[in-house]
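Structure first, then comments.
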Amino acid sequence: MFPFNSIYRHGFVRVAVCIPHVKVADPRFNTGHTIDLARRASDERVCLVLFPELGLSAYTNDDLFHQDALLDESRQAIDHIVEASRTLTSLIIVGAPLCFDGKLFNCAIAIHEGKILGITPKLYLPNYREFYEKRQFTSGRDRIRDTVSLLGQSVPFGHDLVYEAGNIPDMIVHTEICEDLWAPIPPSTYGALAGATLLCNLSASNSTIGKADYRRHLCAAQSGKMIAAYLYAAAGLGESTTDLAWDGHAMIYENDELLAESERFATEEQIIYADIDLERLAQDRMRMTSFNDAVRDYGKEVAAVRRIPFHLNLPEEEVELRREMDRFPYVPNDPTKRAERCFDAYNIQVQGLTTRMKAARIEKIVIGISGGLDSMHALIVAAKAMDRLGLPRTNILAYTLPGFATSEKTLANAHALMKALGVTSDEIDIRPLSEQMLNDIEHPYVDGQEQFDITFENVQAGARTSLLFRLANHHGGMVLGTGDLSELALGWTTYGVGDHMSHYNVNASVPKTLIQYMIGWIIDSDEFGEETNRTLKSILETEISPELIPSINDDGKPSQRTEREIGPYELQDFNLYYISRYGFRPSKVAWLSWNAWKDRTSGEWPKNITKEKQNEYDLATVKRWLEVFLWRFFAISQFKRSAVPNGPKVGSGGSLSPRGDWRAPSDSSAGIWLKELQENVPESNDELA
């Protein structure tokens with residue numbers, strides 16, 4: 001078994017795309033450079049290495065391809081690669097011209113540990129503008145045999161081949177060549193439907209203005225539609241520039257996400273690497289009913305695909321993850337994409353609320369404002385909704401409802417925000433109502449005993465919600481919910497007549513970390529003015545607390561510090577994303593989280609959030625809080641998610657509504673998840689091996 005800190009333990013594989021220097025009609029030179037790069041890749045524990053189209057002969061030979069001397073030397077080049085591969089671990093895919101049955105084919109040759117696994121001929125030959133491939137080559141559809149002899153080996157031949165690593169789950173490789181990807185239905189489509197997760201394209205692809213972007217779009221779209229990784233290698237320095245130029249463009253995509261890209265027009269040879277998450281691809285395919293429907297619809301073509309088995313002899317040693325793990329999976333690292341995400345989420349919330357109000361013929365909103373993140377964000381959404389509906393913001397009836405532990409800061413922030421937004425505001429002290437209920441149920445608190453138990457807390461939460469619903473009845477309005485996705489995942493909400501319930505909840509599928517970023521984005525947009533911005537900044541800098549239990553000291557900090565009880569939201573949102581979105585094993589989630597958070601170099605908080613330092617978490621801390629998450633998520637809080645109010649789904653990361661992305665029994669056990677975590681995750685960094 002691979003050690004805990006190895007990508008191969010957790011369903012990843014390392015792949016490489018190489019762009020060697022070539023000389024036209026000089027297979028010996030090209031072979032030497034190909035072998036050198038393949039060795040470098042193998043030393044990096046790469047399991048798959050891809051080279052450009054016709055890389056052993058060079059692509060720009062034109063009618064020289066009909067010279068026996070070049071064809072003979074190209075076969076010798078393949079033989080040299082086969083011999084070199086005996087000491088390499090990687091599956092190597094190279095391009096060369098090969099003649100069978102009086103026809104010349106543009107081929108991709110798959111080589112592994114001294115064996116030629118298969119040969120894929122190019123299917124679609126471009127014969128327009130600068131391309132004249134039909135002058136030299138025959139399409140793979142015109143082959144007359146499914147098996148050919150090459151260098152004394154009997155080799156599968158055709159565009160219907162995939163290569164399956166028997167000892168690496170879900171590692172199935174398909175190859176196609178350049179123009180094949182430009183076709184309306186690329187051959188890799190059938191390869192993917194037949195199970196291939198790693199789609200490889202050996203390309204030459206000369207460079208023209210704007211063509212690089214088109215290549216990116218093609219590779220991204222094919223990887224996304226096929227729920228696969230797509231590896232692309234284009235010819236570079238050394239190809240003939242008689243009429244064309246070559247940029248050596250290499251790319252690796254995973255399900256529409258660019259993981260690695262070469263420098264175009266580089267003067268040196270290049271290797272780009274990426275760690276591909278095969279389990280993530282398999283999980284997505286399992287969920288995508290349309291993908292599996294397509295497998296059925298193209299059943300004849302899928303059934304015709306031949307699987308070629310091989311075995312990867314990877315050393316069972318530590319292979320550290322080289323892929324950058326986003327600390328905040330709900331929030332893109334790229335500032336432009338982050339702004340787009342915030343824009344989309346915010347406007348989905350606003351549109352959801354405006355549509356509900358129009359459908360219900362309601363023009364007033366009742367909302368409780370605590371001075372915390374969630375209620376503040378919901379109030380911002382409500383204000384924007386009123387603006388779009390052409391209604392006065394005074395139709396928002398905002399109430400701050402202080403209780404036994406409400407701090408001066410949060411109360412001041414609540415009043416300041418309501419005033420800045422111009423809503424109708426009021427304050428109702430819930431202590432008399434709470435004391436009456438505590439007295440009615442004979443709670444020890446009313447006898448002077450400071451018993452701050454769950455009953456004491458929930459009486460306050462229930463009092464607030466009861467007041468809001470009755471106020472909505474009284475004023476003909478709807479209660480706007482404020483609880484977010486993170487709280488719902490952890491069950492950090494009071495069920496039924498507490499903050500769990502509302503008429504409509506705009507934050508229902510927005511995680512805490514995204515809300516924090518969205519507030520920073522709202523501040524930057526300066527849509528609501530400087531007074532509002534000052535209050536928003538103050539709220540962002542306030543430690544998260546339910547403020548239900550009075551503080552017993554004078555340090556200015558709340559007695560209830562949410563993230564010390566249920567874990568840091570930045571960790572728990574990470575856990576939520578990978579557990580609910582992908583169904584990963586807890587050990588994998590812990591490993592991914594530790595890789596994301598083990599140093600300060602991965603990801604940042606928005607500039608509007610004051611942090612003394614970027615957080616770091618060791619493996620023991622990651623494991624501790626993941627255990628808390630698993631227990632709360634699987635064992636004790638599903639019943640709350642089974643009865644949530646309506647609210648708009650915001651992101652592809654998911655919703656926990658039973659009408660949306662998550663349906664689960666309320667009485668399940670967390671045992672198997674906790675067991676897997678304990679048995680497979682070391683207790684500390686010192687035990688990683």
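Throughout, read-outs are computed from the coordinates displayed, never taken from laboratory work. Source: prediction; values computed, not measured. All Cβ positions, even for glycine, are placed from backbone atoms using ideal geometry, and neighbour counts span all protein chains on display.
Here the Kirkwood formula puts the hydrodynamic radius of the range 426-564 at 17.2 Å, using every distinct Cα pair.
Here the 3J(HN,Hα) profile of the range 6-13, calculated from phi with Karplus coefficients 6.51, -1.76 and 1.60 at θ = phi - 60°, is 9, 4, 6, 6, 10, x, 9, 9 Hz, Gly and Pro shown as x. Distant-in-sequence amide contacts of Asp499, defined by a placed amide H-H separation under 5 Å and a gap of 5 or more residues or a different chain, comprise Thr494. Summing +1 for each Lys or Arg and -1 for each Asp or Glu among the other residues whose beta-carbon sits under 9 angstrom from that of Asn685 gives -2.
Normalised by 2.2 N^0.38 Å, where N counts its residues, the alpha-carbon radius of gyration of the range 165-210 equals 1.37.
In bins 10 Å wide, starting from 0, what share of all Cα pairs of the range 623-689 does each bin hold, as a percent? Reading the bins upward from 0: 18, 38, 29, 13, 2. Convex hull of alpha carbon positions in the range 42-165: directionally averaged projected area 7.8 nm². Ignoring lysines fewer than eight residues from Lys103 along the same chain, the ones with Cα atoms less than 29 angstrom from its Cα are Lys23, Lys115, Lys122, Lys134, Lys300.
Amide H contacts under 5 Å for Ser551: Ser559, restricted to partners 5 or more places along the chain or on a different chain, H placed in the peptide plane at 1.01 Å from N. Ordered from longest to shortest, the equivalent ellipsoid semi-axes for the range 343-388 are 18, 14, 7 Å, each the square root of 5 times a Cα gyration tensor eigenvalue. Per the Debye formula on identical point scatterers at the alpha carbon atoms of the range 5-96, with no solvent, log10 I(q)/I(0) at q = 0.19, 0.24 Å⁻¹ is -0.80, -1.14. For Ala635, neighbours were defined as the other residues whose beta-carbon sits under 14 Å from its Cβ, and their charges (Lys and Arg +1, Asp and Glu -1) total +2. Once you reduce the range 77-95 and the range 229-291 to the center of their Cα atoms, the two points are 21 Å from each other. With Rh defined as the Kirkwood radius, the inverse of the mean 1/r over Cα pairs, the Rg/Rh of the range 305-344 is 1.32. Shown in residue order for the range 83-91 are the 3J(HN,Hα) couplings computed by the Karplus curve 6.51 cos²θ - 1.76 cosθ + 1.60 at θ = phi - 60°: 5, 4, 5, 4, 9, 10, 8, 7, 7 Hz (x for Gly and Pro).
In this rough spin-label picture, where each label sits 7 Å from Cα along the Cβ direction, the Ser466-Arg388 distance is 3.5 nm. Shown is the FRET efficiency for Ser149 and Glu44, computed with R0 = 45 Å from the Cβ-Cβ distance and rounded to the nearest 0.05: 0.85. Run through every distinct alpha carbon pair of the range 109-227 and return the Kirkwood hydrodynamic radius in angstroms, one decimal place. Mean inverse Cα-Cα distance, inverted, gives 15.5 Å.
For a distance above 20 Å, tell me the whole-number percent of Cα pairs in the range 199-284 that qualify. So the portion of pairs separated by more than 20 Å is 34 percent.
Computed on the Cα trace of the chain, the radius of gyration divided by the Kirkwood hydrodynamic radius gives Rg/Rh = 1.08. Shown here is the pair-distance distribution of the range 438-506: with all Cα-Cα distances grouped in 10 Å bins from zero up to the longest one, the shares run 19, 41, 28, 12, 0 percent.
The local environment of Arg75, defined by Cβ-Cβ distances under 14 Å, has a net charge of -4 under the rule Lys, Arg +1 and Asp, Glu -1. The amide H of Met478, built 1.01 Å from its N in the peptide plane, has Lys364, Ile365, Val366 as neighbours under 5 Å, considering only residues 5 or more places off or on other chains. Seen from all directions on average, the range 293-377 presents a Cα convex hull projection of 13.8 nm².
Of the peptides 415-427, 502-514, 178-190, the ranking by mean beta-carbon count within 10 Å, highest at the top, reads 502-514, 178-190, 415-427. Only lysines eight or more places from Lys649 in sequence, or on another chain, were considered; those with a Cα closer than 25 Å are Lys225, Lys337, Lys358, Lys364, Lys384, Lys512, Lys640. The Rg/Rh ratio for the range 335-687 is 0.96, where Rg is the radius of gyration of the alpha carbons and Rh is the Kirkwood radius. If R0 is 22 Å, what FRET efficiency do you get for Phe2 and Lys675 from their C-beta distance, rounded to 0.05? FRET efficiency, Phe2 to Lys675: 0.60.
Computed from the C-beta positions of Glu317 and Asn646 and an R0 of 45 Å, the FRET efficiency is 0.30 to the nearest 0.05. Above 23 angstrom, tally the Cα pairs of the range 310-459 and express them as a % of all pairs, no decimals. Pairs farther apart than 23 Å: 60 percent. Residue-wise HN-Hα couplings along the range 97-112, as the Karplus relation 6.51 cos²θ - 1.76 cosθ + 1.60 with θ = phi - 60° gives them from phi, are x, 9, 10, 9, 6, x, 10, 9, 10, 8, 10, 10, 10, 9, 10, 8 Hz; Gly and Pro carry x. Return the distance in nm (one decimal) between the two label points of a simple spin-label model at Asn439 and Thr242, each offset 7 Å from Cα along Cα→Cβ. Placing both labels 7 Å along Cα→Cβ, they lie 10.1 nm apart. Taking one quarter of the surface of the C-alpha convex hull of the range 78-118 gives a mean projected area of 2.7 nm². Relative to the longest principal axis of the Cα atoms of the chain, the long axis of helix 408-421 lies at roughly 80 degrees. The calculated pair-distance distribution of the range 8-310 uses every alpha carbon pair, bins of 10 angstrom beginning at 0, and gives 7, 31, 39, 20, 3, 0 percent. By the Stokes-Einstein formula, at 0.692 mPa s and 37 °C, the range 618-657 with its Kirkwood radius over alpha-carbon pairs has D equal to 271 µm²/s.
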